[in-house]
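Before any comments, here is the structure.
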Amino acid sequence: MTVTLPDDLSLAPLGSTPRPIGEWLTTFHLATVVLDPYTNESSWVLRTAVRILEALRGSHARVNLLVTANEADTRAFLGPLAEQFLVFTDPDRAVVKAMGLSSLPAFVFIRVDGSIDAQAEGWNPAEWRAVADTITRTTAWQSPTIPVAGDPVAFAGSPSLG
């Protein structure tokens, strides 16, 4: 089943006013890693997620992090990464619910029409590679290597709704 995000769904970037998702999708798709800063699972995959997003940065997908926390906790969790990436906050988990996610961390590819074309929940290298491959096929980009030495072993993730 394909999930299409509602037009009135807002994304709240750090330090700025929330805007409807359609305004974020006017030119580029979104390559989104969803993290819960209150769980170990999201911290275990953070370095790997950054590596994957960096490899996709030049594609026609806007790479970003979506963190299920307020601005202060998001900045505390990400540290300097908060300045290196487009970061959205989702403290009430409305975006996570709209995406239909059941566990975090997650890797989600949102097309310019608001449809979720691929997603992976928890950390499973093969599933994250499939999302990255979908992104790179769509954007004519080179897919990152997943996994690499130093990436965590696969794990199921934590409940997405806290």
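The values are calculated or read from the model by the stated rules, or taken from the named source; none is laboratory data. These numbers come from a predicted model, not from an experiment. Every residue, glycine as well, gets a Cβ built from its backbone with ideal geometry; the counts of neighbours run over all protein chains shown.
Evaluated against (1) modelled with pLDDT under 95; (2) closer than 19 Å to residue 27 by Cβ; (3) hydroxyl-bearing (Ser, Thr, Tyr), residue 160 falls short on exactly one condition, (2).
Among the residues of region 102-138, those identified as touching a Phe, Trp or Tyr at 6+ places or on another chain (Cβ under 9 Å), buried (at least 19 other Cβ atoms within 10 Å of the Cβ) and hydrophobic (A, V, I, L, M, F, W, C) are 107, 110, 116, 118, 120, 123, 128, 131, 132, 135. Restricting region 1-42 to residues that are assigned to a strand (DSSP E or B) and among the small types (Gly, Ala, Ser), the residue that is nearest to residue 90 (Cα to Cα) is 12.
Any residue in region 111-118 that is out of contact with any Cys (no Cβ under 6 Å at 6 or more places or on another chain), of a type in the set (Asp, Glu) and under 20 Å from residue 21 (Cα atoms)? Checked region 111-118: at least one residue is out of contact with any Cys (no Cβ under 6 Å at 6 or more places or on another chain), of a type in the set (Asp, Glu) and under 20 Å from residue 21 (Cα atoms).
Mind checking which residues of region 9-43 are among the aromatic types (Phe, Trp, Tyr) and either in contact (Cβ under 8 Å) with a residue 60 or more places away in the chain or surrounded by fewer than 16 Cβ atoms within 10 Å (Cβ to Cβ) (or both)? Spell out the reasoning first.
Taking region 9-43 as the starting set, the residues that turn out to be among the aromatic types (Phe, Trp, Tyr) are 24, 28, 38.
If the condition is that a residue be among the aromatic types (Phe, Trp, Tyr) and either in contact (Cβ under 8 Å) with a residue 60 or more places away in the chain or surrounded by fewer than 16 Cβ atoms within 10 Å (Cβ to Cβ) (or both), then 28, 38 are the ones that fit.
In this structure, does residue 45 turn out to be assigned to a helix (DSSP H, G or I), touching a Phe, Trp or Tyr at 6+ places or on another chain (Cβ under 6 Å) and on the phi < 0 side of the Ramachandran plot? Against the criterion (assigned to a helix (DSSP H, G or I), touching a Phe, Trp or Tyr at 6+ places or on another chain (Cβ under 6 Å) and on the phi < 0 side of the Ramachandran plot), residue 45 qualifies. When 72, 130 are checked against the criterion of being at pLDDT 95 or above, among the hydrophobic types (A, V, I, L, M, F, W, C), farther than 21 Å from residue 21 by Cβ and in contact with a strand residue (DSSP E or B) (Cβ under 7 Å, 6 or more places away or on another chain), a single residue qualifies: 130. Right, residue 140: at pLDDT below 95 and farther than 30 Å from residue 15 by Cβ or not? In short, no. Within region 141-158, residues that are under 17 Å from residue 106 (Cβ atoms) reach partners that are polar (S, T, N, Q) and part of a loop (DSSP other than H, G, I, E, B) with beta carbons closer than 6 Å, at six or more positions or on different chains, in the pairs 154/124; 158/39. Scanning region 49-61 for residues that are closer than 21 Å to residue 21 by Cβ and either surrounded by fewer than 18 Cβ atoms within 10 Å (Cβ to Cβ) or touching a Cys at 6+ places or on another chain (Cβ under 6 Å) (or both) gives 57, 60. Checking 46, 65 one by one, the residue that is in contact with a strand residue (DSSP E or B) (Cβ under 8 Å, 6 or more places away or on another chain), under 17 Å from residue 121 (Cα atoms) and surrounded by 22 or more Cβ atoms within 10 Å (Cβ to Cβ) is 65 and no other.
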